[in-house]
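The values are calculated or read from the model by the stated rules, or taken from the named source; none is laboratory data. Because the structure is a prediction, the values reported are computed rather than measured. Positions of Cβ are generated from backbone atoms using ideal geometry, with glycine treated the same way; all protein chains shown enter the neighbour counts. Side chains included, ligands, DNA and RNA excluded: accessible areas come from the protein's heavy atoms. Shrake-Rupley method; radii C 1.70, N 1.55, O 1.52, S 1.80 Å.
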Amino acid sequence: MENETLKIEGRNAVLEAFRSGKTVDKLYVLSGCKDGPIQTVLREAKKQDTIVNFVAKERLDQLSETKKHQGAIAVCAAYAYASVEEMLQRAKDKGEPPFLFLLDDIEDPHNLGAIIRTANLSGAHGVIIPKRRAAGLTAVVAKASAGALNYTPVAKVTNLVQTMKELKKEGLWFVCGDMGSRPMYELDMTGPIGLVIGSEGNGVSRLVKESCDFAASIPTRGDIDSLNASVAAGVLAFEILRQRGAEK
């Protein structure tokens with residue numbers, strides 16, 4: 001695994017990245033460019049459902065390290081993504097009910113790394129992030145995870161709500177953090193569970209929240225009304241771990 005985010009520049013190099021099966025997190029393409037090689041790159045990006053950003057030449061020049069981008073820059077993941085199926089298999093192999101983190105709108109790489117670290121320490125079998133509105137697996141994320149990224153699989157999905165529907169068929173139920181709901185100590189959070197964490201600014205989005213079975217609040221006594229997303233994830237995750245321990 002590479003230890004830093006990989007930028008691939010130039011039309012042919014980007015095309016080869018797609019065709020060799022590299023995970024491209026984002027593709028930056030010169031806005032309005034209609035020539036053949038760029039259109040071929042865009043077709044490959046569409047096959048992989050890669051996020052494409054059409055930008056001005058000035059933005060590409062700014063992103064470019066080689067200064068020979070030819071109108072195309074691919075940003076590849078520093079670490080390979082896993083599949084949700086692999087996470088479920090991991091739980092099965094350990095003889096444990098699945099415990100997954102689902103992150104909605106966590107764009108700060110430091111927060112993502114810290115949450116992956118928490119997921120590892122609380123015994124979660126994996127972390128699921130959406131393709132859009134999420135930090136990718138960059139070097140910053142790897143560093144913030146303090147090595148946990150080597151042990152805790154991360155899956156990237158197109159639609160969190162659809163993924164939750166599929167996981168419900170596997171017996172999972174979902175709890176999200178929400179400061180206005182029942183205290184977490186009053187809830188039974190044992191069994192196959194998905195912990196849903198939203199961003200500090202917006203919390204969990206409406207559709208994702210509606211897909212959750214219930215919400216849990218963290219009792220606080222301070223003067224401000226919310227915790228950092230990674231701290232909230234930690235408090236809820238270790239309450240789940242405590243309850244799972246009591247279940248044994």
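Ligands, DNA and RNA left out, the accessible area of the chain computed with a 1.4 Å probe is 49% carbon and sulfur.
Take the convex hull of the alpha carbons in the chain; its mean projected area over all directions comes to 14.6 nm².
The calculated FRET efficiency for the pair Lys94 and Ser64, based on their C-beta separation and a Förster distance of 41 Å, comes to about 0.35. Remark on Phe174: its backbone amide H falls under 5 Å from those of Gly194, Asp213, Phe214, a criterion applied only to residues 5 or more positions apart or on other chains, H modelled at 1.01 Å from N. Which value, in Å², gives the accessible area per residue of the chain when a 1.4 Å probe is used on the protein heavy atoms? Roughly 51 Å² per residue, with all protein chains present. Compared with the alpha-carbon gap, the fully stretched path from Arg132 to Phe238 is longer by 35.4 nm at 0.36 nm per residue. Taking a straight line from the alpha carbon of Lys156, these aspartates and glutamates sit under 15 Å away, with near neighbours fewer than eight places off in the same chain left out: Asp25, Asp49, Glu85, Glu86, Asp104, Asp105, Glu107, Glu166. The angle separating the long axis of helix 36-47 from the principal Cα axis of greatest extent in the chain is about 20 degrees.
What the Cβ-Cβ distance of Lys169 and Val231 gives, at R0 = 41 Å and to the nearest 0.05, is a FRET efficiency of 0.80. A simple count of charges around Ser83, restricted to other residues whose Cβ falls under 15 Å of its Cβ and scoring Lys, Arg +1 and Asp, Glu -1, yields -2.
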